[in-house]
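Enquirer: First the structure, then my questions, so here it is.
The values are calculated or read from the model by the stated rules, or taken from the named source; none is laboratory data. Here the structure is a predicted model, which is why all the values come from computation and not from measurement. Here the Cβ is made from the backbone with ideal geometry for all residues, glycine too, and neighbour counts use every protein chain on show.
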Amino acid sequence: MSKYYSIRTKLIAFMLIATTIPLLASISMTFIQTKTALREQALEENKRLIYQASTNLNNYVDNAARASLAVYNDPNFLRNLAKLPGDYRAVAEVYTTLQTIRSAVPDVFQLYLHSFASNQSTLIANPFPKREERKQAYSDSLHGKTGDGNSDIWVESAHMSHTYGFKAASPDDSPRTVITLHRIIRDIPSPERLGVLAIDLNMNSIAAICSRLYDPAKEQIYVVDGQNRIVYQGHSEVQKASNTDHLQRAAADALQDGRAIAGTALDAAGHFEQDHSMYVYQQLGSSYADWTIVKQIPNETLYARATALTWNNAVIAFAALILVIVATLFISIRITGPLKQLMRYMTQIQAGRLHVDIRLSSRDEFGVLARHFRDMMDTVNNLILREYQLEIANKTHQLRALQAQIQPHFLYNTLQSIGTLALQQQGKRAYTLLSSLSKMLRYSMRDQTRVTLHEEAEHARLYLELQQERFGERLEVHMDFAEDTRSAPIPRMTLQPLIENYFKHGADIQPGKGIISITSRRVDEQWIEIVLMNNGPVIPEDRLAEIRKWLQPEAALSDIPQESTGSESIGLRNVVRRLALNSPPGKPARIEMNNIDPSGVKLQVKLYAGE
């Protein structure tokens, strides 16, 4: 039976499916729900953080803008712009006002002031100011890189610091990343421009505010202006980044895609997804700093907790699955084990071992089935034993009856020959023949049903010796038995009746010398063949066909009427039946009879001699 049709296989498959699928479905649903919940939680937390950061940045920029209003708070500052540089008192008061602005904003790197009234430019990058007479202000301060031309104050995005056209104080002074607050100074309420003020602010405060928003090892933070240019990015300053352009393009593309997702313009706050990352943003809402804080959270970071929780659940589920598999195998083997054992017992019984001891310790239905099966086999064995005993007794009676039929033929022919010798007064020869007859009678009265081929051949030789006395020179005998066949078992009284047929049906009517040949050979390890040939008259074809029918093993044991076989074939029929009765099951003896051209009959007897 194929293992795929086994009850054990089906039971194991069913139990594994019934336990594994719900377990895996539970893990999948838990992961999806946990992932969704953590996503929403992370979004809310990051929105609150970024909103607070935007408030802090607004306050920071507003503080710098308020500090720049000092040029209006000092009533003498606007008049002093026209007195530069000849009035030293005016110069000192302007310097004091600029220092006030510098001290009000902690991240001031340098201040630049240009007066249109006096064509005087001032740069305060260290305690000692620099002044130069210039006909116009430094172009970036006048027009700005991000100003729209309609506002008196604007913030220039992050850029590398410069000296506003002044000569560097020291070759060691290296530029740094700054943002610049530009303010146009007007003669209020007149719209006339008196000058321009530029305040360079380093990134320390912005970095401090943004550093609390993200994990540098896993996330990224950007501050982007209205033109999608980077104001600040996490990990490193802009000027230190080797791929500044790439980062700017990445942030700009993300923000542009966010705008496309959200509509024509981004809302003040929100989020969007792109390139396996979540982007959370918040606009500052300042009129002069159109900045947006963007936090990039990779999906693997966003769902790290969900993944970790899923892995924990998976480990527990795997352990549970192993336990389920072991329990399933144990239960299935426990249930089907007695059934398998019972099947093995049945296989042994099918192979012929009917007395196998059926023992099952199980007390369930399989144990009850095994006990009933054992009782049934005991009953069957008893019936088979009785049938065998009856069959053996029947065979014994049949053999004895057949032997009783053979002996009268034999005695009649032999006594006729000895009587002839007695009439001729050949006493010594008669004694020899009587001695041979006594040996033959002793052999025929033995209780053994099977003898060796050597013993049967000796009995046939004694019989032919008696027949030679009868026929004299008219009979020629040839006997040749192979050595490897002499010990083969054969039913007793097999050869003599076959030889006797020749003397009954052919020897008396045959002209000339009669020839009888008896040989044996081994066909293979299990079978031997005995061949008897004579040169007597041939058998008519219709009679030969009829004889061949009851020579078949299937017909040998059937009750064939004597009229159909003929009284002249009693000896041959007896041999056929005795061979059939003594053959092992499945290995019947076979006899073939054929005519020899031009005269004679050939008998081939094939016997099983394997045991």
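Enquirer: Looking at the range 506-525, which of its residues are of a type outside the set (A, V, I, L, M, F, W, C) and farther than 18 Å from E592 by Cβ? I'd like the intermediate steps shown before the answer.
Expert: Going through the range 506-525, the residues of a type outside the set (A, V, I, L, M, F, W, C) turn out to be 506, 508, 510-514, 517, 519-522, 524-525.
Hits for the range 506-525 are G506, D508, Q510, P511, G512, K513, G514, E525.
Enquirer: Right, another one. Output yes when any residue across the range 90-98 is modelled with pLDDT under 90 and closer than 19 Å to S286 by Cβ, and no when none is.
Expert: Looking for residues that are modelled with pLDDT under 90 and closer than 19 Å to S286 by Cβ, one finds none in the range 90-98, hence no.
Enquirer: Suppose we keep only residues that are among the β-branched types (V, I, T) and at pLDDT 75 or above within the range 123-168. Which one would you say is surrounded by the fewest Cβ atoms within 10 Å (Cβ to Cβ)?
Expert: Of the residues in the range 123-168, the ones among the β-branched types (V, I, T) are 124, 146, 153, 155, 163.
Checking the rest, the ones that are also at pLDDT 75 or above come to 124, 153, 155, 163.
On the way: I124: 19, I153: 18, V155: 24, T163: 16.
Of everything passing the filter in the range 123-168, T163 is surrounded by the fewest Cβ atoms within 10 Å (Cβ to Cβ).
Enquirer: Which one of the conditions (1) assigned to a helix (DSSP H, G or I); (2) of a type outside the set (S, T, Y); (3) crowded, with 18+ Cβ neighbours inside 10 Å does V294 fail to meet, given that it meets all the rest?
Expert: Among (1) assigned to a helix (DSSP H, G or I); (2) of a type outside the set (S, T, Y); (3) crowded, with 18+ Cβ neighbours inside 10 Å, the lone unmet condition for V294 is (1).
Enquirer: Conditions first: (1) surrounded by 15 or more Cβ atoms within 10 Å (Cβ to Cβ); (2) in a helix (DSSP H, G or I); (3) at pLDDT below 80. T9 passes all but one, so which condition is the exception?
Expert: (1)
Enquirer: Answer with yes or no whether A65 is hydrophobic (A, V, I, L, M, F, W, C), part of a helix (DSSP H, G or I) and either under 23 Å from A306 (Cα atoms) or at pLDDT 85 or above (or both). Write out each step before concluding.
Expert: Values: hydrophobic (A, V, I, L, M, F, W, C): yes; part of a helix (DSSP H, G or I): yes; either under 23 Å from A306 (Cα atoms) or at pLDDT 85 or above (or both): yes.
When the stated conditions are applied, A65 passes them.
One line per residue, one yes/no per condition, for (1) in contact with a Ser or Thr (Cβ under 9 Å, 6 or more places away or on another chain); (2) crowded, with 16+ Cβ neighbours inside 10 Å:
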residue: I179; (1), (2): yes, yes
residue: S190; (1), (2): no, no
residue: L201; (1), (2): yes, yes
residue: D215; (1), (2): yes, no
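Enquirer: Then there is this: Identify, please: which residue in the range 95-120 is of a type outside the set (S, T, Y) and more than 15 Å from A198 (Cβ to Cβ) and is, among those, farthest from the chain's Cα centre (by Cα)?
Expert: A117
Enquirer: A further question follows. Go through the range 339-376 and give me each residue that's among the basic types (K, R) and without any contact (Cβ under 8 Å) to a residue 60 or more places away in the chain.
Expert: Within the range 339-376, R344, R353, R359, R363, R371, R374 meet the criteria.
Enquirer: Within the range 68-97, track down each residue that is touching a Pro at 6+ places or on another chain (Cβ under 8 Å) and either assigned to a loop (DSSP other than H, G, I, E, B) or surrounded by 18 or more Cβ atoms within 10 Å (Cβ to Cβ) (or both).
Expert: V91 - this is the single residue of the range 68-97 that is touching a Pro at 6+ places or on another chain (Cβ under 8 Å) and either assigned to a loop (DSSP other than H, G, I, E, B) or surrounded by 18 or more Cβ atoms within 10 Å (Cβ to Cβ) (or both).
Enquirer: Okay, next question. Looking for whichever is more than 60 Å from the chain's Cα centre (by Cα) and either modelled with pLDDT of 65 or more or of a type in the set (F, W, Y) (or both) here; the options are R400, R450. Which one fits?
Expert: R450
Enquirer: Here's another thing I want to ask about it. Please state which of the following conditions P408 fails to meet, knowing it meets all the rest: (1) in contact with a Ser or Thr (Cβ under 7 Å, 6 or more places away or on another chain); (2) modelled with pLDDT under 75.
Expert: It is condition (1) that P408 fails.
Enquirer: Being of a type in the set (V, I, T) and farther than 20 Å from T485 by Cα narrows it down to one residue among I539, I518; which is it?
Expert: I539
Enquirer: Kindly indicate which of I333, I316 is within 30 Å of A37 (Cα to Cα), assigned to a helix (DSSP H, G or I) and β-branched (V, I, T).
Expert: Exactly one of I333, I316 is within 30 Å of A37 (Cα to Cα), assigned to a helix (DSSP H, G or I) and β-branched (V, I, T), namely I316.
Enquirer: Search the range 343-385 for residues being among the basic types (K, R) and part of a helix (DSSP H, G or I), and hand back the single one that is nearest to S6 (Cα to Cα). Talk me through it step by step, then tell me what you get.
Expert: Just the residues of the range 343-385 that are among the basic types (K, R), to begin with: 344, 353, 359, 363, 371, 374.
Those left that are additionally part of a helix (DSSP H, G or I): 344, 371, 374.
Numbers: R344: 14, R371: 23, R374: 23 Å.
Looking at residues that are among the basic types (K, R) and part of a helix (DSSP H, G or I), I get R344.
Enquirer: Among the residues of the range 99-111, are any of a type in the set (D, E) and either exposed (fewer than 13 other Cβ atoms within 10 Å of the Cβ) or at pLDDT below 85 (or both)?
Expert: Looking through the range 99-111, none of the residues is of a type in the set (D, E) and either exposed (fewer than 13 other Cβ atoms within 10 Å of the Cβ) or at pLDDT below 85 (or both).
Enquirer: Restricting to the range 592-611, name every residue that is under 16 Å from R543 (Cβ atoms) and crowded, with 19+ Cβ neighbours inside 10 Å.
Expert: Within the range 592-611, G600, V601, L603 meet the criteria.
Enquirer: What's the total number of residues in the range 294-319 that are touching a Leu at 6+ places or on another chain (Cβ under 7 Å) and at pLDDT 80 or above?
Expert: 2
Enquirer: Here is a further query. Within the range 565-591, work out how many residues are touching a strand residue (DSSP E or B) at 6+ places or on another chain (Cβ under 7 Å), at pLDDT below 85 and surrounded by fewer than 19 Cβ atoms within 10 Å (Cβ to Cβ).
Expert: Adding up the residues that qualify gives 2.
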